[in-house]
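Participant: Got a structure for you, written out below as structure tokens; questions coming shortly.
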Amino acid sequence: MKTHCPKIYTLEYIFIASPKLLFHYLSTEQGLSEWFSDKVIFKDDVFRFYWGESEQKATISSKKDHEFIRFKWIEGEENNYFEFKIKTDSVLNEITLLITDFAFEEDKEESIMVWNAAIKKLFRIFGGKFINAS
């Protein structure tokens, strides 16, 4: 039986990349279609994400270039969003990508596995090696 409502969780990944380039892959239909979903279409301020025959729609609810972007799913719960946040460590020349999402407790492990698989694709684009998520 499903828990009452999805719970928020955050994943953390380390990249060596420019925040501007990484943000492109997190915020544009071209960038997102390379790693996040099979196909992305942006029209009339709506992102349409396709995974096989499945389609989900989202809008950008908040954004600050090269720092964060939050997508709000059009269908579902009020707090039904996912967010990408970029933190820069200029000393180590590393970028930390924080992903915030929601999942029912019993689905959280599977959701994390889905994110890890997508992030592995993103790491390959940057020539990096996927190590682990927190």
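Read-outs: derived from the displayed coordinates by stated rules, not from any lab. Quantities reported herein were computed from a predicted structural model and do not represent experimental measurements. So basically every Cβ, Gly included, is an ideal-geometry build from the backbone, and we count neighbours across all protein chains shown.
Participant: For segment 16-59, list log₁₀ I(q)/I(0) at each q in 0.19, 0.22, 0.34 Å⁻¹, using the Debye formula over Cα point scatterers of equal strength and ignoring solvent, two decimals each.
Facilitator: -0.55, -0.69, -1.18
Participant: Let me ask another. Based on Cβ point charges of +1 for Lys and Arg and -1 for Asp and Glu, what charge dipole magnitude is obtained for segment 6-71 about its Cα centre, in debye rounded to the nearest 20?
Facilitator: Rounded to the nearest 20 debye, it is 200 debye.
Participant: For q values of 0.14 Å⁻¹, compute log₁₀ I(q)/I(0) with the Debye formula on a Cα-only model of segment 1-78, without solvent.
Facilitator: Log10 of I(q)/I(0), two decimals: -0.56.
Participant: Mean 1/r over all different Cα pairs, inverted: what Kirkwood radius does the chain give, in Å?
Facilitator: For the chain, inverting the mean 1/r across all distinct Cα pairs yields 15.4 Å.
Participant: Among Lys72, Lys85, Lys39, which one shows the biggest mean-square fluctuation in a GNM of the chain, springs joining Cα atoms closer than 10 Å?
Facilitator: Lys39
Participant: Which of Val46, Phe68, Leu92 sits farthest toward the positive end of the charge dipole of segment 20-97, with +1 on the Cβ of Lys and Arg and -1 on the Cβ of Asp and Glu?
Facilitator: Result: Leu92.
Participant: Identify which of Trp73, Trp51, Trp115 has the largest mean-square fluctuation in a Gaussian network model of the chain, with springs joining Cα atoms closer than 10 Å.
Facilitator: Result for the chain, Cα springs under 10 Å: Trp51 fluctuates most.
Participant: With a cut-off of at most 14 other beta carbons within 10 Å, and DSSP calling the residue loop, which GluC sites (Glu not before Pro) in segment 8-101 qualify? Please list them.
Facilitator: Glu53, Glu67, Glu75, Glu77, Glu78
Participant: Additional query: For the chain, with only Lys/Arg (+1) and Asp/Glu (-1) charged at the beta-carbon, what is the dipole magnitude about the Cα centre, in debye rounded to 20? Could the numbers behind the result be given before it?
Facilitator: Details: 18 positive and 22 negative charges, 89 e Å.
Taking the Cα centre of the chain as origin, the dipole is about 420 debye.
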